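Just so it is clear, none of the values below were taken in a lab; they were calculated from the coordinates. Source: prediction; values computed, not measured. Note that we place each Cβ from the backbone using ideal geometry, even for glycine, and neighbour counts take in every protein chain shown.
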Amino acid sequence: MDKYILSNEGRSRFKRMKISVDTGMAKIEGYEILDYLYEHGASTAEEIENYTGLSWRQLMAKLSTFIHHGLVEGIN
């Protein structure tokens with residue numbers, strides 16, 4: 001996969017989550033990844049890694065989890 005993007009379901013769920021976070025709820029693990037994809041659209045793992053400061057291994061583990069839960073899709 002060359003790029004990652006929020007799925008339709010992920011976009012919808014993140015939008016609701018973002019409202020909760022903005023009103024004072026604690027951030028969830030991986031929030032910064034979802035936030036980056038929400039704001040920037042399709043992005044490479046390297047772009048996300050540079051933004052979040054996560055190691056490659058951490059990023060790929062979180063992306064894999066988000067893909068498994070249907071929040072993120074890999075695209076070519």
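At a glance:
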| read-out | value |
| --- | --- |
| Overall Cα dimensions of the stretch 3-75 - principal axes, largest extent first, Å | 30, 24, 21 |
| Full-stretch length increase - Ser20, Gln58 - with 0.36 nm per residue and alpha-carbon distance subtracted | 11.2 nm |
| At most 15 other Cβ within 10 Å, DSSP loop - GluC sites (Glu not before Pro), the chain | Glu29 |
| Potential extension, Glu47-Ser12 segment - 0.36 nm per residue separation minus Cα distance | 10.3 nm |
| Distance between modelled label sites at Glu39 and Met1, nm, 7 Å Cα→Cβ extension | 2.1 nm |
| Candidate aspartates and glutamates - alpha carbon under 14 Å from Lys3, same-chain residues fewer than 8 apart omitted | Glu46, Glu47, Glu49, Glu73 |
